[in-house]
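Read the structure below first, then the notes.
The values are calculated or read from the model by the stated rules, or taken from the named source; none is laboratory data. Owing to the predicted nature of the structure, the values given are computational and were not obtained by experimental measurement. For neighbour counting, all protein chains shown are included, and Cβ atoms are generated from backbone atoms with ideal geometry for every residue, glycine included. Ligands, DNA and RNA are excluded from the accessible area calculation, which covers all protein heavy atoms including side chains. Shrake-Rupley method; radii C 1.70, N 1.55, O 1.52, S 1.80 Å.
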Protein chains: 4
Amino acid sequence: MPGTPTLRTPFLIVNPKAYLGGAETLQLALLTEELAAHYDIDVIFTAQHAYLVEVAKHTTRLLITAQHMDAITPGRGMGHTLPEALVEAGAKAVVLNHAEFPLTLAQLDATMRRAEEVGMATIVCADTERQCRAVAQLGPTVMICEPTASIGTGTMDAGDYIERTTRAVKEVDPSILVIQAAGVTTGADITRVLRLGADGSGGTSGIVAAPDWRVVLVDMLSALAAFRDAPTH
Amino acid sequence: MPGTPTLRTPFLIVNPKAYLGGAETLQLALLTEELAAHYDIDVIFTAQHAYLVEVAKHTTRLLITAQHMDAITPGRGMGHTLPEALVEAGAKAVVLNHAEFPLTLAQLDATMRRAEEVGMATIVCADTERQCRAVAQLGPTVMICEPTASIGTGTMDAGDYIERTTRAVKEVDPSILVIQAAGVTTGADITRVLRLGADGSGGTSGIVAAPDWRVVLVDMLSALAAFRDAPTH
Amino acid sequence: MPGTPTLRTPFLIVNPKAYLGGAETLQLALLTEELAAHYDIDVIFTAQHAYLVEVAKHTTRLLITAQHMDAITPGRGMGHTLPEALVEAGAKAVVLNHAEFPLTLAQLDATMRRAEEVGMATIVCADTERQCRAVAQLGPTVMICEPTASIGTGTMDAGDYIERTTRAVKEVDPSILVIQAAGVTTGADITRVLRLGADGSGGTSGIVAAPDWRVVLVDMLSALAAFRDAPTH
Amino acid sequence: MPGTPTLRTPFLIVNPKAYLGGAETLQLALLTEELAAHYDIDVIFTAQHAYLVEVAKHTTRLLITAQHMDAITPGRGMGHTLPEALVEAGAKAVVLNHAEFPLTLAQLDATMRRAEEVGMATIVCADTERQCRAVAQLGPTVMICEPTASIGTGTMDAGDYIERTTRAVKEVDPSILVIQAAGVTTGADITRVLRLGADGSGGTSGIVAAPDWRVVLVDMLSALAAFRDAPTH
């Protein structure tokens, strides 16, 4: 996979889904970029397809990431998203198989292969431990292990989900980076998931719905930087 | 539906689907705009979501049209396309229920209502005469009547499909504009469908796969202008 | 459509969905048959595909109805339901486009045409008034107008949904029979929807979850018989 | 998984999909049972849901198998297939994720867990080597490794697909039984796939479209018996 982007760990994911308008998305991207530079932390930043061009044009450090794409090749495919179009818009990665956009196993595999062809990193979601192991077999760059029932709740898993699924992925392929972000809303939450083995964390509603984006991003990025600098504490 | 865009008939649709890269799409849009101005013909021009911003920024006369969108409202909806995002990118209309992206009846209805809320025109596809009548009941701005089996063949329907489905739509609601474009590749094809009652025509492969875009666009636009100026001949 | 079954109005629908085992379904069918004979009321009775043979073998008066089928013809179609298989099992009708199994417009049309080919009546669901008008254009035998949000709530629509959607269907095609059953749990509820124009009513949870099936079926069937015998009261 | 059925290897799969009517399906089942007894070979026999009861009633040796089911529990789920209904009809196993009915990874996992709850064996299909490894992580009883492009062609893979995917599955979990049946139409084809590591084989069109079912079944079953009795030759 020559050209596939790489990420330094631990990293942040900022995933505004469909919460923000284009101007707000750009504003969040610029703020994230400023703070990511300050803390020297890599960031996966997703955006609606229609916003990608503007975010890519005005930032340089973020891993610009599409929220979905299809396995089509240039030609037909009305209404479907051509991977090459996202690359041309500036995307370097794509999230696939999110609980809000589940794919068949065959579609997921085909779309991941298209991502490789166009040089995009793949960030693939999975729910149960078995699903995490299954997705790990498909060769993603990054995985988001996320118990579907927790999405958007602001409450982290109280059991052993985080260490169990992180370990499961690494057993299948230790090179896959694992994001644990379900219910994460603070820097302390991020420190907890990193201690349990995750390579990255972040969020959606925990960030976009915060009263002050800067406050929450500083909280999260400083937790990531502190763990990077002293992971054993 | 205040703010819904209007179209003067007869009009052209240029629908490059996923055939073109972003730079090529913009080039086709600029050429279409130049020729549309010359012939004073309205044009529906579609693009991949990621290209909409650029096409909208550099053109003024085209009805910038998305190739799909979802019925979501701001919030969750990872991987789905927010109507407000398309509007902010410059889209004024959206194609729905294309044979390559069929929707459930409930989704189609919900997405059309979202389009009304954000002031976008809806261009809805249907196959059989019954499906055309059904879609007409949902209140689209424009319909594309298209026998699914003919898409991309370059061969027009040899029977009475064109007049029959156009009449069916108008019987349900005479204000709906009807596009007949299946198999259309020349100005003569366009003249034929306009004589049979269509309000507009155009194409995908008939345009993007032509050896010289200017030649085919001139052929089509001059046919539209000639029909407009002397519809009975 | 020679051979399509007919229904005398007003009629009952008993739709156990996936609530009951096969033995319970057969028991409910036999009880329904006994009471339907007593009140001389026609009944649409649905069952899981795997139960159809047994229900059809042991009853004679019920309109045995499948809960879904696919538009496939004999051949491939692993996991999909062949219309001919349902007919051979004894089904005379099929429910399509239920909110729990929504179909694309093209699939719905194709499946209805297959139903005609094999001589099955179609009972097609729709939600909003626009969707009701759209489905009516496809030529169903019976429609179930049902606001999706009310399914399984035991609460009837408090506004004008019932008369408005019934009238909408009849305006498109007066020969279509209309079921209004959302939130219906008693004979009084059935009387109300019949007075508002419906041709039939019945339910799922209102029947299968009732403490005594006989009590609720007698209540519903006697309301239907009373309305039939004196519709103006 | 107490109660999950077991299979002696090598075994046959007879999968008539939607090719046959109910009476023909029963006839094929009875013939298969007679010949399976003669050769003492275990057989997976699938049928349309509506035919399961009759096939189960009239046979004793076949592993009666549904062609799909849904992850629903008793309750709602109009049009979906309740696992308990299939068990009550006599099914002991279910095929999932066939190329003609692909499932999302989350649905597939959930349906496999439901199968375990009701004591059914799972026979899960996969296409590429990566998909085979992914499905193996979900814990199926049996897998059908099948290059989607070969289905129904009557032509076997000319490369190393068979040994490569069989080995991939066994590496993940050696207890999973592997069917290789794409393009298999003769006993010689079956011998070839068994020699390459498969535990079972069989077919659809290779059997149901054969001019004489008895001839093709004898050919296949005798090849299975010969391999069982002298696997190294």
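Assess whether D:Val178 counts as being in a helix (DSSP H, G or I) and in contact with a Ser or Thr (Cβ under 6 Å, 6 or more places away or on another chain). Break it down into steps so the answer makes sense when it comes.
Details: in a helix (DSSP H, G or I): no; in contact with a Ser or Thr (Cβ under 6 Å, 6 or more places away or on another chain): yes.
Spelling it out, it is not the case that D:Val178 is in a helix (DSSP H, G or I) and in contact with a Ser or Thr (Cβ under 6 Å, 6 or more places away or on another chain).
Within region C:150-168, does at least one residue satisfy the condition of being within 16 Å of the chain's Cα centre (by Cα) and at pLDDT below 95? Yes; the residues of region C:150-168 include at least one that is within 16 Å of the chain's Cα centre (by Cα) and at pLDDT below 95. Considering the conditions (1) open to solvent by less than 20 Å² (accessible area, probe 1.4 Å); (2) farther than 25 Å from D:Gln27 by Cα; (3) not hydrophobic (A, V, I, L, M, F, W, C), D:Gly187 is excluded by exactly one of them, (2). In region D:53-111, of all residues being assigned to a helix (DSSP H, G or I) and of a type in the set (Asp, Glu), the one that is least open to solvent (accessible area, probe 1.4 Å) corresponds to D:Asp109.
Whether any residue in region A:10-20 is within 11 Å of chain B (Cβ to nearest Cβ), within 29 Å of B:Pro16 (Cα to Cα), open to solvent by less than 20 Å² (accessible area, probe 1.4 Å) and not small (Gly, Ala, Ser) is what I want to check. Yes, some residue in region A:10-20 is within 11 Å of chain B (Cβ to nearest Cβ), within 29 Å of B:Pro16 (Cα to Cα), open to solvent by less than 20 Å² (accessible area, probe 1.4 Å) and not small (Gly, Ala, Ser).
For region D:209-233, the set of residues classified as at pLDDT below 95 and either surrounded by 19 or more Cβ atoms within 10 Å (Cβ to Cβ) or closer than 20 Å to D:Thr148 by Cβ (or both) consists of D:Ala209 only. Taking the criterion of being under 23 Å from C:Gly79 (Cα atoms) and among the polar types (S, T, N, Q), the residues of region D:177-233 that qualify are D:Gln180, D:Thr185, D:Ser201, D:Thr204, D:Ser205.
None of B:Ala66, B:Ala91 is of a type in the set (A, V, I, L, M, F, W, C), farther than 26 Å from C:Thr128 by Cα and touching a strand residue (DSSP E or B) at 6+ places or on another chain (Cβ under 7 Å) except B:Ala91. When C:Asp189 is tested against the conditions (1) over 23 Å from C:Thr65 (Cα atoms); (2) not in a helix (DSSP H, G or I), the lone failure is (2).
The selection criterion, being open to solvent by less than 20 Å² (accessible area, probe 1.4 Å) and within 12 Å of another protein chain (Cβ to nearest Cβ), does not hold for C:Cys145.
When region D:112-142 is filtered for residues that are without any contact (Cβ under 8 Å) to a residue 60 or more places away in the chain, crowded, with 23+ Cβ neighbours inside 10 Å and either aromatic (Phe, Trp, Tyr) or more than 12 Å from chain A (Cβ to nearest Cβ) (or both), the ones remaining, listed by number, are D:Ala115, D:Thr122. Note on region C:148-183: residues that are open to solvent by less than 20 Å² (accessible area, probe 1.4 Å) and under 20 Å from B:Cys132 (Cα atoms) total 3. Of the set (1) open to solvent by 10 Å² or more (accessible area, probe 1.4 Å); (2) within 20 Å of D:Trp213 (Cβ to Cβ); (3) not in a helix (DSSP H, G or I), all apply to D:Glu33 but (3). Step by step: first the residues of region C:36-52, then only those that are among the hydroxyl-bearing types (Ser, Thr, Tyr) and either surrounded by 22 or more Cβ atoms within 10 Å (Cβ to Cβ) or modelled with pLDDT under 95 (or both), then the one that is nearest to C:Val208 (Cα to Cα). Which residue is that? So, considering only residues that are among the hydroxyl-bearing types (Ser, Thr, Tyr) and either surrounded by 22 or more Cβ atoms within 10 Å (Cβ to Cβ) or modelled with pLDDT under 95 (or both), the one nearest to C:Val208 (Cα to Cα) is C:Thr46.
For residues that are under 17 Å from A:Ala106 (Cα atoms) and not hydrophobic (A, V, I, L, M, F, W, C), scanning just region A:68-80, find the one that is nearest to the other protein chains (Cβ to nearest Cβ). So that I can check it myself, show each step before the final result.
Taking region A:68-80 first, the residues under 17 Å from A:Ala106 (Cα atoms) are A:68-73, A:80.
Subsequent filtering for residues that are not hydrophobic (A, V, I, L, M, F, W, C) retains A:68, A:70, A:73, A:80.
Numbers: A:His68: 3, A:Asp70: 9, A:Thr73: 8, A:His80: 6 Å.
Across region A:68-80, the extreme among qualifying residues is A:His68.
Scanning region A:16-73 for residues that are under 19 Å from B:Gly79 (Cα atoms) and among the polar types (S, T, N, Q) gives A:Thr25, A:Thr46, A:Gln48, A:Thr65, A:Gln67, A:Thr73. Annotation note: Cβ proximity below 6 Å between a residue of region C:81-102 that is more than 9 Å from chain D (Cβ to nearest Cβ) and a residue that is surrounded by fewer than 24 Cβ atoms within 10 Å (Cβ to Cβ) and part of a loop (DSSP other than H, G, I, E, B) (sequence gap 6+ or interchain) occurs for C:Lys92/C:Pro5. Could you tell me which numbered condition B:Ala158 fails, if it satisfies all but one of (1) assigned to a helix (DSSP H, G or I); (2) hydrophobic (A, V, I, L, M, F, W, C); (3) over 19 Å from B:Leu63 (Cβ atoms)? Failed condition: (1).
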